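The values are calculated or read from the model by the stated rules, or taken from the named source; none is laboratory data. All values reported here derive from a predicted model rather than from experimental measurement. So basically every Cβ, Gly included, is an ideal-geometry build from the backbone, and we count neighbours across all protein chains shown.
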Amino acid sequence: GAVVSQHPSRVICKSGTSVKIECRSLDFQATTMFWYRQFPKQSLMLMATSNEGSKATYEQGVEKDKFLINHASLTLSTLTVTSAHPEDSSFYICSARDPTGGESSPLHFGNGTRLTVT
Amino acid sequence: DQQVKQNSPSLSVQEGRISILNCDYTNSMFDYFLWYKKYPAEGPTFLISISSIKDKNEDGRFTVFLNKSAKHLSLHIVPSQPGDSAVYFCAALFGNEKLTFGTGTRLTIIP
């Protein structure tokens with residue numbers, strides 16, 4: 001079945017540094033990928049929609065200059081958390097939908113990245 | 001504004017019994033609903049879905065029921081197994097727009 005791979009699974013960085021998270025679709029090409037964030041005991045919140053070959057679409061309240069998204073190919077989207085601060089510590093998850101599965105095909109998720117900013 | 005709500009943050013069920021997870025939504029435009037299962041430190045895994053034109057969908061031990069008039073859906077797992085212990089998210093979709101997730105219910109199956 002469709003697989004979405006996310007890397008790294010866990011990262012610890014110092015405040016002020018930048019961290020890049022990769023999301024790859026392994027079995028299909030995805031013109032659109034989605035980036036979610038989950039705080040402890042809270043729901044998955046959509047941060048942005050990553051569009052191949054064009055600018056990402058950010059949800060209200062998400063700083064586009066802080067969370068840089070690049071969708072350079074049909075199988076890779078990256079999320080860079082710039083100048084990370086402790087409040088950015090969270091669980092980040094990417095997802096994509098296999099377009100060959102039709103409009104209602106489910107989103108497939110990566111395994112997530114646990115970011116800890118010290 | 002939480003458009004998809006899971007009012008029970010946790011649920012414990014004896015192994016072999018039925019687990020019932022509930023989800024309510026407010027947006028009547030949602031036309032497709034999904035359930036995801038999530039283990040700690042992993043991404044959600046798709047479990048089962050239902051279109052708004054149906055009221056029931058069954059897949060093995062998992063059945064999803066949809067009551068459009070009540071804007072309510074539920075996931076039934078029977079018989080419950082220890083491996084079912086996880087956090088379950090319901091999610092709703094309007095057209096091909098973004099998924100809206102509920103807050104999740106932690107299911108614990110007691111051996």
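Values computed for the structure shown
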quantity	calculated
Residues located in region A:48-62, provided they are under 19 Å from A:Pro99 (Cα atoms) and of a type in the set (D, E, K, R)	A:Glu52
Matching residues in region B:79-105 - criterion: being under 14 Å from the mean Cα position of the chain (by Cα), touching a residue at least 60 places away in the same chain (Cβ under 8 Å), more than 9 Å from chain A (Cβ to nearest Cβ) and surrounded by fewer than 21 Cβ atoms within 10 Å (Cβ to Cβ)	B:Asp84
Given (1) of a type in the set (Ser, Thr, Tyr); (2) out of contact with any Ser or Thr (no Cβ under 7 Å at 6 or more places or on another chain); (3) more than 11 Å from chain A (Cβ to nearest Cβ), index of the condition B:Ser52 fails	(3)
Sole exception among (1) assigned to a loop (DSSP other than H, G, I, E, B); (2) more than 16 Å from A:Val4 (Cβ to Cβ); (3) within 13 Å of chain B (Cβ to nearest Cβ) for A:Asn111, by number	(2)
Residue, modelled with the highest pLDDT, within region A:1-48, restricted to residues that are of a type in the set (Lys, Arg) and more than 11 Å from the chain's Cα centre (by Cα)	A:Lys14
Filter result (closer than 24 Å to A:Ser95 by Cα and either away from every other protein chain (no Cβ under 12 Å) or acidic (Asp, Glu) (or both)) within region B:23-45	B:Asp24, B:Tyr25, B:Asn27, B:Met29, B:Phe30, B:Asp31, B:Glu42
Residue within region B:60-69 that is of a type in the set (A, V, I, L, M, F, W, C), more than 15 Å from B:Lys37 (Cβ to Cβ) and touching a Phe, Trp or Tyr at 6+ places or on another chain (Cβ under 8 Å) present	yes
Residue satisfying all of: in region A:70-108; β-branched (Val, Ile, Thr) and under 21 Å from A:Ala56 (Cβ atoms); farthest from the other protein chains (Cβ to nearest Cβ) among these	A:Thr82
Filter pass, A:Phe67 being at negative phi and more than 11 Å from every other protein chain (Cβ to nearest Cβ)	yes
Residue match in region A:45-65 (condition: among the aromatic types (Phe, Trp, Tyr) and within 23 Å of B:Ala41 (Cα to Cα))	no
Region A:61-75, residues that are out of contact with any Asp or Glu (no Cβ under 8 Å at 6 or more places or on another chain) and touching a residue at least 40 places away in the same chain (Cβ under 8 Å)	A:Thr75
